[in-house]
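I have placed the structure first, in the form of structure tokens, so that the comments after it can refer back to it.
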Amino acid sequence: MKTPMMPRRHALVQLLATAALAATTAAVPGPAAASGADSGARHQARAADAVLFWNRIAADAFAPTQGTNALAQSRSFAILQASVHDALNAIQRRYAAYTPGVPAAPHASIDAAVATAAREVLVQLLPEQAAMVEAAYADTLQAVRDGRAKTAGIATGQAAAWVNLNRRLDDGADGATQPVYVPGTGPGEYQFTPPFDFAGLPGWGRVRPFVIDPAAHALPGPHDLASKAYAQDFAHVKAIGHVHSTTRTAEQTEIAGFWYEDSPLGWNRIALAAIQLRRLDAWEAARALALLHFAMADGFIAGFAEKYAHRFWRPVTAIHAAADDGNPLTAPDVAWQPLLPTPPVPDYPSTHTVLGWAAAEVLIALFGDHLRYDTTSLTLPGVVRSFRGFSQAAEENGASRVYAGIHFRHAVHDGRRQGRGIGQAVATALPPVR
């Protein structure tokens, strides 16, 4: 079930795995002590403490172990949040189940069910983090009074986790490192980018999606190398994305570093801020987090299918080899280097942009696009950025890849198009039960 991690080869990339998780927007409380089964009336108003607490435990677990493989993060988060959603809906059915088959348990303990669902998924997908997860689980169960409600909650959480884990068996994630990518030799062909000597997860586009049909979100492809549009994008990233750029502002440099964090962790943090600001209850929070992570997981799947279909070169390769691209409007610079390390996958589309817009569209559907919030980043500790909506954050997230010198604008433009379509499609999943 566990997907291999990409090798970590650069100090800034290493920061993703070692930075402290104090970057959360606000402290997430632990689950409230529970004395047993909640009544139906209390179910309706139950706070989201348990859901948010176990989401935070998951983020803590994913960051050091999958901190340089955002694709594995996205899949793991989606399985976990689906399991928590289905556990709660077995206690009180308010939304459609994601995976049917969890027996109804109207008198089960919410805290025990949520904790057990999360614990089962985490120890299966991240066995190296089992000690941390088991400690949090023991603390949670100790606060729940022994009895039928606790026993039923544990059984419900286990059932929800395993129907979702079993659903993802043989989904293609274990074989995503194949086939091994062999670079072509022609202009425009993706080449390995320093410090990497491989292309990451070329088979991820064949992983089974959580919600969407990837074919419905196909893209037209990169600009033709001989086109004026390509030359304009080339000139723009060459100027603004250079490590010693004289056109990139101080804020743009900050934006590049701020959004360099893996998308699932960054957008999960934004979602937590929104959930807390809007005071969602447990069911609402569980559904919101499930939809968010379905959208990002499917964004990676659809985006990687396009990446390896088009195999388009990154700016650093293009700028070094411009003498051979057949476009008289481009000029090579063999010494050019981007502001930040180029991830080891093809340029088109920018899946960082795909995920940002997929996440934003889900959050817009849930909360509207005028919520004011602050957020932080593991890759730029101590910096807080403020937003007045989710589309504003998604725009900045996409632009960061050009400021960093690692994507052409067209890859960001079409990443936005793909991400918005995916997010809007996923936002309609798990509808309320009428």
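The values are calculated or read from the model by the stated rules, or taken from the named source; none is laboratory data. No experiment lies behind these values; they were computed from the predicted model shown. For neighbour counting, all protein chains shown are included, and Cβ atoms are generated from backbone atoms with ideal geometry for every residue, glycine included.
Given (1) of a type in the set (Val, Ile, Thr); (2) surrounded by fewer than 24 Cβ atoms within 10 Å (Cβ to Cβ); (3) under 22 Å from Thr428 (Cβ atoms), where does Thr65 come up short, assuming only one miss?
Here Thr65 clears every test but (3).
Considering only the stretch 225-309, give the helices (runs of 4 or more DSSP H) lying wholly within it that have at least 1 residues that are in the same structural domain as Phe210 (by TED's automatic domain parsing) and more than 30 Å from Asp324 (Cα to Cα). Steps first, please.
On the way: elements: 228-240, 250-258, 263-278.
Answer list for the stretch 225-309: 250-258, 263-278.
Specify which of the listed residues (Leu371, Leu380) is surrounded by fewer than 24 Cβ atoms within 10 Å (Cβ to Cβ), under 20 Å from His293 (Cβ atoms) and either of a type in the set (D, E, K, R) or in the same structural domain as Ala295 (by TED's automatic domain parsing) (or both).
Numbers: Leu380 fails: under 20 Å from His293 (Cβ atoms).
Of the residues listed, the single one that is surrounded by fewer than 24 Cβ atoms within 10 Å (Cβ to Cβ), under 20 Å from His293 (Cβ atoms) and either of a type in the set (D, E, K, R) or in the same structural domain as Ala295 (by TED's automatic domain parsing) (or both) is Leu371.
All but one of (1) of a type outside the set (A, V, I, L, M, F, W, C); (2) more than 27 Å from Asp170 (Cβ to Cβ); (3) modelled with pLDDT under 95 hold for Gly67, so report the exception by its number.
(2)
Would you pick out the residues in the stretch 215-224 that are in a loop (DSSP other than H, G, I, E, B) and either in contact with a Lys or Arg (Cβ under 7 Å, 6 or more places away or on another chain) or buried (at least 17 other Cβ atoms within 10 Å of the Cβ) (or both)? Before you say what the answer is, go through the steps one by one.
Step one: of the stretch 215-224, the residues in a loop (DSSP other than H, G, I, E, B) are 218-224.
Leu219, Pro222, His223 - these are the residues of the stretch 215-224 that are in a loop (DSSP other than H, G, I, E, B) and either in contact with a Lys or Arg (Cβ under 7 Å, 6 or more places away or on another chain) or buried (at least 17 other Cβ atoms within 10 Å of the Cβ) (or both).
Can you pull out every residue in the stretch 83-129 that is of a type in the set (Gly, Ala, Ser) and not in a loop (DSSP other than H, G, I, E, B)?
Keep residues of the stretch 83-129 that are of a type in the set (Gly, Ala, Ser), which gives 83, 87, 90, 96-97, 101, 104-105, 108-109, 112-113, 115, 117-118.
Scanning the stretch 83-129 gives Ser83, Ala87, Ala90, Ala112, Ala113, Ala115, Ala117, Ala118.
State the number of residues belonging to the stretch 187-214 that are closer than 19 Å to Trp336 by Cα and crowded, with 20+ Cβ neighbours inside 10 Å. So that I can check it myself, show each step before the final result.
Here is the first cut: in the stretch 187-214, the residues closer than 19 Å to Trp336 by Cα are 187-197.
Keeping just the survivors that are crowded, with 20+ Cβ neighbours inside 10 Å gives 188, 190, 193.
Here the count works out to 3.
What is the residue count in the stretch 301-311 for residues that are surrounded by fewer than 24 Cβ atoms within 10 Å (Cβ to Cβ) and on the phi < 0 side of the Ramachandran plot? Steps first, answer last, please.
In the first step, residues of the stretch 301-311 are kept if they are surrounded by fewer than 24 Cβ atoms within 10 Å (Cβ to Cβ); the result is 305, 308-311.
Right, trim to on the phi < 0 side of the Ramachandran plot and you get 305, 308-310.
Total satisfying the criteria: 4.
Condition first: over 33 Å from the mean Cα position of the chain (by Cα), part of a helix (DSSP H, G or I) and farther than 25 Å from Thr246 by Cα. Now tell me which residues in the stretch 317-358 satisfy that.
Asp324
Examine the stretch 3-24 for a residue that is at pLDDT 50 or above and either part of a helix (DSSP H, G or I) or surrounded by 18 or more Cβ atoms within 10 Å (Cβ to Cβ) (or both), and state whether such a residue exists.
Step one: filter the stretch 3-24 for residues at pLDDT 50 or above, giving none.
Within the stretch 3-24 (the criterion being at pLDDT 50 or above and either part of a helix (DSSP H, G or I) or surrounded by 18 or more Cβ atoms within 10 Å (Cβ to Cβ) (or both)), the answer is no, since none of the residues qualifies.
Please verify whether Gly184 is over 21 Å from Phe300 (Cα atoms), buried (at least 18 other Cβ atoms within 10 Å of the Cβ) and not assigned by TED's automatic domain parsing to the domain that holds Leu71, treating the condition exactly as stated. So that I can check it myself, show each step before the final result.
Working: over 21 Å from Phe300 (Cα atoms): yes; buried (at least 18 other Cβ atoms within 10 Å of the Cβ): no; not assigned by TED's automatic domain parsing to the domain that holds Leu71: yes.
Spelling it out, it is not the case that Gly184 is over 21 Å from Phe300 (Cα atoms), buried (at least 18 other Cβ atoms within 10 Å of the Cβ) and not assigned by TED's automatic domain parsing to the domain that holds Leu71.
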